[in-house]
Amino acid sequence: MTVYAYKMGHQARFGTRTISDPWFNLTADTQDELYEFAARLGLPRQGFQPGSLVGPQQVSVSWHYTVTAGERDRAIELGAQAVTQKEVTKIEQQRAAELGII
């Protein structure tokens, strides 16, 4: 099981504000692993983002936490694997295939 950290492909938005600093997402092989890792980082559970529902089963394969650069660095120190957005897309496609969505 692995936790992955990757740079967001777009700028973060909070309401009408766009934040220009780089933001990152954390995801993992399972949601439970992501919850446990996020707790170790001190991230609140309500920060979990379930992602968009897809496929006839209406399930998400893009769940994550959004974190700052400092939180991302700490996640790497705690064992998260740095990956690219392209690699995360492949991970999400694999999740979808395992669920029979694609």
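Throughout, read-outs are computed from the coordinates displayed, never taken from laboratory work. As the structure is a prediction and not an experimental result, all values here were calculated from the model. When we count neighbours, we look across all protein chains shown, and the Cβ atoms used for this are built from the backbone with ideal geometry, even at glycine.
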Quick one: how many residues across the stretch 52-74 are touching a strand residue (DSSP E or B) at 6+ places or on another chain (Cβ under 8 Å) and either under 16 Å from Gln31 (Cα atoms) or not hydrophobic (A, V, I, L, M, F, W, C) (or both)?
11
If I ask for residues that are closer than 19 Å to Ile91 by Cα and either touching a Leu at 6+ places or on another chain (Cβ under 6 Å) or of a type in the set (D, E, K, R) (or both), which ones from the stretch 28-58 would you list?
Ala28, Asp29, Asp32, Glu33
For the stretch 29-80, name all the residues that are among the small types (Gly, Ala, Ser) and either in contact (Cβ under 8 Å) with a residue 40 or more places away in the chain or on the phi < 0 side of the Ramachandran plot (or both).
Ala38, Ala39, Gly47, Ser52, Gly55, Ser60, Ser62, Ala69, Gly70, Ala75, Gly79, Ala80
Across the stretch 50-97, what is the number of residues that are under 14 Å from the mean Cα position of the chain (by Cα) and acidic (Asp, Glu)?
3
